[in-house]
Amino acid sequence: MGTVSSLDLVIITGLSGAGKTKAMGFLEDLGYYAMDNLPISLMGLFLDLASQTDGKISKVAIALDVRSSGFKTQFRSMLQRLSSRDVHPRVIFLEASSRALVNRFSETRRRHPLPGGTVSESIQKERNLLAVVRELADVIIDTTDLTLNELKERVRLTPFTAYHER
């Protein structure tokens, strides 16, 4: 049976429409067990369960975003709790220009997850909410002008080389 500290943990977060779902798919292709939109309050329990799989789950990727209850207020304390358990996730923050995000929402005809106002207003609101989380990230990737293959390559390299794109 493994320990939580032996898990390779990557947290993907960032702006809606910046590519979190694609990045999670790329990590899944690399053998990560992918969990999207896990409530922060369940992080510890989930990692405990993953560590009890006799090594079947050794690499975990979790996508967290503003839809998670208490996301902004609990993100820092979650990282501190993980650190106290000797778990040091790599946090990848994905962002893009407001123009690119508006275009992406327009192309997919999806609604922005933050309610109220225009898509542009929701993007700005989300950008403000995530400012603290962005500062805690190990890697920031601007997806504005990236192709899917370029994003895949950056995500592929990130967990292993932990380069910074600030």
Does T73 fit the bill of being open to solvent by 10 Å² or more (accessible area, probe 1.4 Å), farther than 19 Å from V132 by Cα and assigned to a helix (DSSP H, G or I)?
-> no
Inter-residue pairs, beta-carbon under 6 Å, first under 23 Å from S120 (Cα atoms) and at pLDDT below 95 and in region 7-28, second acidic (D, E) and part of a strand (DSSP E or B), 6+ apart = G14/E95; L15/E95; A18/E95
Which one is surrounded by the fewest Cβ atoms within 10 Å (Cβ to Cβ), of the residues in region 54-70 that are of a type in the set (K, R) and over 21 Å from G17 (Cβ atoms)?
-> K56
Is it true that some residue in region 119-140 is within 17 Å of I11 (Cβ to Cβ), open to solvent by 60 Å² or more (accessible area, probe 1.4 Å) and hydroxyl-bearing (S, T, Y)?
-> no
Would you check which residues across region 115-135 are within 17 Å of the chain's Cα centre (by Cα) and in a loop (DSSP other than H, G, I, E, B) and list them?
-> L130
Would region 37-53 turn up any residue that is buried (at least 20 other Cβ atoms within 10 Å of the Cβ) and among the charged types (D, E, K, R)?
-> no
Within region 86-115, of all residues that are in contact with a helix residue (DSSP H, G or I) (Cβ under 7 Å, 6 or more places away or on another chain) and farther than 30 Å from S58 by Cα, the one surrounded by the most Cβ atoms within 10 Å (Cβ to Cβ) is L101
Within region 1-48, which residues are closer than 22 Å to P115 by Cβ and of a type outside the set (G, A, S)?
-> T13, L15, K20, T21, D36, N37, L38, P39, I40
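The values are calculated or read from the model by the stated rules, or taken from the named source; none is laboratory data. Just so it is clear, the structure is predicted and the values come from calculations on it, not from any experiment. Glycine also receives a Cβ, built like all others from the backbone with ideal geometry; neighbour counts cover every protein chain displayed. Ligands, DNA and RNA are excluded from the accessible area calculation, which covers all protein heavy atoms including side chains. Shrake-Rupley method; radii C 1.70, N 1.55, O 1.52, S 1.80 Å.
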